[in-house]
Amino acid sequence: MAKLPYTLWIEGHRVLTWDQRRLPFREEVIELSTWQEAAHAIRSMQVRGAPLIGVTAAFGVALGLRELAGSGRHSSLTAAQTALDEICASLIATRPTAVNLAWGVNQVRRAVAQAPHPDWARVAWARALELHAADAQCNAEIGNHGLSAWKEMIARAKDQARPLQILTHCNAGALATVAWGTALAPVYQAHQQGIAVHVWVDETRPRNQGASLTAWELARAGVPHTVIADNAGGLLMMRGQVDVVIVGCDRVAANGDVVNKIGTYLKALAARAHQIPFWVACPLSTIDPDTPGGMQVDIEDREASEVEQMQGLVEDQSSALYQQMVSVRVVPVGSAVLNPAFDITPAALVSGLITERGVIPATGKAICQVLALEPA
Ligand code: MRU
């Protein structure tokens with residue numbers, strides 16, 4: 001595949017990324033120079049999306065150890081261990097649902113544990129760089145496997161001289177990863193191979209990751225797409241305007257249940273009702289063999305303000321705020337609000353998991369088998 005720009009990139013020893021809270025209206029690059037800045041970026045959703053959170057957290061540990069090495073505070077092993085524990089625990093506590101977060105932290109931690117403590121900063125940085133490169137590679141592989149799984153549907157659409165119609169929820173594209181994305185990787189692959197595709201982009205209230213982020217990156221890549229209100233998907237499926245649904249995910253439980261952005265479950269139900277394949281793209285780092293089922297996953301409850309307000313750009317030229325990004329209230333003051341950020345799609349509704357090792361059924365048995373083949 002030709003190169004799409006990376007979402008998180010390294011210049012020398014600098015960690016750079018987009019501030020995703022400002023997209024699509026402001027393309028602002030931020031530097032993460034301390035572990036606290038990495039933690040803040042995850043917590044405040046400057047960076048988001050399970051794989052990107054994992055890699056950011058890995059660099060967070062590396063930045064923390066670099067800071068410690070510079071300060072001389074980790075001259076004794078015990079002091080270094082205490083500091084490392086604190087950094088790792090704080091990073092892991094930033095968001096609860098995406099398992100990639102703890103995975104990224106633990107990958108670096110494990111590498112460090114095998115090195116003498118004066119080398120920790122160097123080893124941690126090297127491991128974070130490896131995870132960074134591996135994420136881009138893994139997503140390119142997910143793209144290949146996804147495209148193979150879609151072969152027949154692509155041929156059918158081609159016979160009918162129309163694009164393959166894909167529906168996606170939230171943002172599981174390049175912006176949710178280091179590069180390519182998970183759910184959008186097969187879409188980018190198809191587009192680059194000259195296969196006609198069109199993406200229905202769920203807006204994804206309350207934070208609008210679909211309307212703001214997925215639409216932004218598809219537009220940059222020149223992929224035809226249409227943003228729809230979250231509730232439009234069912235009608236489009238009923239009318240035969242959707243060939244396939246593909247989403248990313250934040251955690252796959254040991255039984256194959258999928259936890260992803262709120263609203264995913266309703267799309268899976270509608271897809272099942274209309275016999276439309278519902279695929280989940282995920283790296284193996286998103287599979288959590290320690291959580292038996294989706295109901296055991298800690299679902300992040302976020303602030304009411306995300307539902308009460310909407311953020312956008314003022315387009316009224318007569319306004320003093322013209323071209324400013326503002327939040328406006330859409331819910332009456334005094335109404336109660338609940339804001340769960342993720343939901344659970346039962347494994348039975350999932351056509352398959354598209355991983356870097358190939359497509360597997362969303363079953364406990366298949367998950368055990370694929371994980372058993374992975375290096376510890
Ligand atoms: O709250 P967010 O924006 O971090 O949620 C992101 C999602 O739900 C994505 O679909 C998921 O992380 C998969 S990203 C490849």
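Restrict the check to the range 354-375 and report whether at least one residue is more than 29 Å from Q107 (Cα to Cα), surrounded by 14 or more Cβ atoms within 10 Å (Cβ to Cβ) and more than 16 Å from the ligand (Cβ to nearest atom). Spell out how you get there, then give the answer.
First, the residues of the range 354-375 that are more than 29 Å from Q107 (Cα to Cα): none.
Taking every residue of the range 354-375 in turn, none turns out to be more than 29 Å from Q107 (Cα to Cα), surrounded by 14 or more Cβ atoms within 10 Å (Cβ to Cβ) and more than 16 Å from the ligand (Cβ to nearest atom).
Give the residues of the range 82-98 that are open to solvent by less than 20 Å² (accessible area, probe 1.4 Å), over 15 Å from A41 (Cβ atoms) and within 16 Å of the ligand (Cβ to nearest atom), sorted by residue number.
T97
Which of the residues belonging to the range 272-290 are of a type outside the set (D, E) and within 16 Å of the ligand (Cβ to nearest atom)? Give the derivation first.
Step one: list which residues in the range 272-290 are of a type outside the set (D, E), which gives 272-287, 289.
Scanning the range 272-290 gives F278, W279, V280, A281, C282, P283, L284, S285, T286, I287.
(1) outside the structural domain of Q209 (by TED's automatic domain parsing); (2) touching a residue at least 60 places away in the same chain (Cβ under 8 Å): which one isn't true of T363, the others all being true?
Of the numbered conditions (1) outside the structural domain of Q209 (by TED's automatic domain parsing); (2) touching a residue at least 60 places away in the same chain (Cβ under 8 Å), the odd one out for T363 is (1).
When the range 308-357 is examined, which residues are found to be in the same structural domain as C249 (by TED's automatic domain parsing) and among the charged types (D, E, K, R)?
Answer for the range 308-357, where residues must be in the same structural domain as C249 (by TED's automatic domain parsing) and among the charged types (D, E, K, R): D343, E356, R357.
Where residues in the range 316-342 are surrounded by 10 or more Cβ atoms within 10 Å (Cβ to Cβ) and either among the charged types (D, E, K, R) or not in a loop (DSSP other than H, G, I, E, B) (or both), which of them is nearest to the ligand (Cβ to nearest atom)? Outline the logic, then answer.
As a first pass, look at the range 316-342 and keep what is surrounded by 10 or more Cβ atoms within 10 Å (Cβ to Cβ): 319, 321-331, 337, 339-342.
Then drop every residue that is not either among the charged types (D, E, K, R) or not in a loop (DSSP other than H, G, I, E, B) (or both), which leaves 325-329, 340, 342.
On the way: M325: 18, V326: 21, S327: 17, V328: 21, R329: 22, P340: 11, F342: 6 Å.
Only one residue tops the list, namely F342.
Test each condition in (1) in contact with a strand residue (DSSP E or B) (Cβ under 9 Å, 6 or more places away or on another chain); (2) assigned to a helix (DSSP H, G or I); (3) of a type in the set (S, T, Y) for T97 and report the one that comes out false.
With (1) in contact with a strand residue (DSSP E or B) (Cβ under 9 Å, 6 or more places away or on another chain); (2) assigned to a helix (DSSP H, G or I); (3) of a type in the set (S, T, Y) applied to T97, the lone miss is (2).
Looking only at residues that are within 16 Å of the ligand (Cβ to nearest atom) and aliphatic (A, V, I, L, M) in the range 149-178, which one is nearest to A221 (Cα to Cα)?
Taking the candidates together, the pick is A174.
Of all the residues that make up the range 292-303, how many are assigned to a loop (DSSP other than H, G, I, E, B) and within 16 Å of the ligand (Cβ to nearest atom)?
Kept after step one, since they are assigned to a loop (DSSP other than H, G, I, E, B), are these residues of the range 292-303: 292-293, 297-300, 302-303.
Within this subset, residues satisfying the condition of being within 16 Å of the ligand (Cβ to nearest atom) are 297-300, 302-303.
Of the residues in the range 292-303, 6 are assigned to a loop (DSSP other than H, G, I, E, B) and within 16 Å of the ligand (Cβ to nearest atom).
Might you check whether a residue that is touching a residue at least 60 places away in the same chain (Cβ under 8 Å), acidic (D, E) and surrounded by 19 or more Cβ atoms within 10 Å (Cβ to Cβ) occurs anywhere in the range 138-158?
No - not one qualifying residue is present in the range 138-158.
Could you tell me which residue of the range 213-262 is farthest from the ligand (Cβ to nearest atom), considering only residues that are buried (at least 24 other Cβ atoms within 10 Å of the Cβ) and among the polar types (S, T, N, Q)?
T214
The values are calculated or read from the model by the stated rules, or taken from the named source; none is laboratory data. Predicted model, so just to flag it, every value in this text is computed and none were measured. When we count neighbours, we look across all protein chains shown, and the Cβ atoms used for this are built from the backbone with ideal geometry, even at glycine. In case anyone asks, the SASA skips ligands and DNA or RNA and just uses the protein heavy atoms, side chains included. Shrake-Rupley method; radii C 1.70, N 1.55, O 1.52, S 1.80 Å.
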